[in-house]
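Student: Please find one structure pasted underneath; my questions will follow.
The values are calculated or read from the model by the stated rules, or taken from the named source; none is laboratory data. Computed from a prediction, not measured in an experiment: that's the story for all the values here. In this analysis, Cβ positions are derived from the backbone assuming ideal geometry, glycine residues included, and neighbour counts consider all displayed protein chains. The accessibility values were calculated without ligands, DNA or RNA, using every heavy atom of the protein model including side chains. Shrake-Rupley method; radii C 1.70, N 1.55, O 1.52, S 1.80 Å.
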Amino acid sequence: MKISALTRSVVTRSHAVISPDGHVNSVVPGWTNCRVNVLINEKMGAHLAQTLITAEPDTVISGNTETGQIFFYVISGQCTAKVDEQDKTLLDGHFVYVPAGHSYRLDEFTTGTQILTFHKVYEPLEGYKRPPFIFGNAENVDGPAFLGDPALRLQVLLPEDLSFDMAVNIFTYDPGGHLPFVETHVMEHGLLYLQGQGIYMLDHEWYPVKKGDAIWMAPYCQQWFTAMGKEPAVYIYYKNVNRFPTTL
Ligand code: UGY
Ligand code: MN
């Protein structure tokens, strides 16, 4: 018998692990006929939001980013995305970055299409134009070795340009691969496991994690990961970048 009083999900002041067994749906105006799980948002203490959408053929995801920006990533399935009068068919691994002040519409989904979103309020930078909208395919993005270790590969999906204040990267670890040191940093992360499994250390607590799990790491949440099992562990993650680090 499965014991329903148990979960791997944990929410603390500095981090959260959200496993699919705890997902509860939200109704989001403009996002119709779909399941939306809000995995991370400000109520947790985060400065980003992360959602998981499960769509059907009659789903429509539409709105305007206003002062925010949204990164849509197709985990699996197919849909059509329209931004600024441009249409694109999106398949597994394709993504759309919609900058602040733009309208978007995603429709024509195949049954069960899963979309991940990252949201952040845009912080303009004097002397730099706002970023353009971007369609991309993770398959076409190089994955060089991370800090010289060929067991770890990092794909950077958005341009490394100061007009962007958020990064979205895909990190692949071969079994046994691990972060070379415990990271202690001011940047925040939102993350979703796309494949495989391993152990994440968050502020000196140890969590088994696997495909489908989401993680939030607040600024200065200490972090380390090692991959386990027979296949590479892959996660996609958000990071705030490129802005002056203090208001002082
Ligand atoms: O970009 C990063 O900070 C990344 N190495 N962190 C992480 O994977 N937890
Ligand atoms: Mn990090």
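Student: Specify the residue that is nearest to ligand 1 (Cβ to nearest atom); the eligible residues are those in the range 187-198 that are open to solvent by less than 40 Å² (accessible area, probe 1.4 Å) and among the hydrophobic types (A, V, I, L, M, F, W, C).
Tutor: Here the residue is Leu191.
Student: Still on this structure, I have one more. In the range 164-186, what residues are part of a loop (DSSP other than H, G, I, E, B) and open to solvent by less than 10 Å² (accessible area, probe 1.4 Å)?
Tutor: Hits for the range 164-186 are Phe164, Asp165, Gly177, Leu179.
Student: Identify all residues within the range 123-142 that are open to solvent by less than 40 Å² (accessible area, probe 1.4 Å), in a loop (DSSP other than H, G, I, E, B) and under 16 Å from Ile170 (Cα atoms); write none if there are none.
Tutor: Val141
Student: Residues in the range 29-46 that are touching a strand residue (DSSP E or B) at 6+ places or on another chain (Cβ under 6 Å) and either open to solvent by less than 40 Å² (accessible area, probe 1.4 Å) or charged (D, E, K, R) (or both): how many?
Tutor: Residues meeting the conditions: 9.
Student: Further question: Among Tyr73, Tyr104, which is the only one that is of a type in the set (Phe, Trp, Tyr), open to solvent by 10 Å² or more (accessible area, probe 1.4 Å), over 18 Å from the mean Cα position of the chain (by Cα) and at negative phi?
Tutor: Just one listed residue meets the conditions, Tyr104.
Student: Taking into account only those residues within the range 1-28 that are aliphatic (A, V, I, L, M) and in contact with a strand residue (DSSP E or B) (Cβ under 6 Å, 6 or more places away or on another chain), which is farthest from Asp107 (Cα to Cα)?
Tutor: Val10
Student: Please tell me if Val27 is hydrophobic (A, V, I, L, M, F, W, C) and over 18 Å from the mean Cα position of the chain (by Cα).
Tutor: Yes; evaluated as a whole, the condition is true for this residue.
Student: For the range 11-88, which fully contained strands (runs of 3 or more DSSP E) count at least 2 residues that are closer than 20 Å to Asn240 by Cβ?
Tutor: 15-18, 31-40, 49-64, 68-76
Student: Considering the range 201-238 alone, what residues qualify as being part of a strand (DSSP E or B) and open to solvent by 50 Å² or more (accessible area, probe 1.4 Å)?
Tutor: The answer is Glu205, Trp206, Pro208, Lys210, Trp224, Met228.
Student: Let me ask something else. Name the residues in the range 217-248 that are farther than 17 Å from His189 by Cα and more than 16 Å from ligand 2 (Cβ to nearest atom), would you?
Tutor: Correct list: Met228, Gly229, Lys230, Glu231, Pro232, Phe244, Thr246, Thr247, Leu248.
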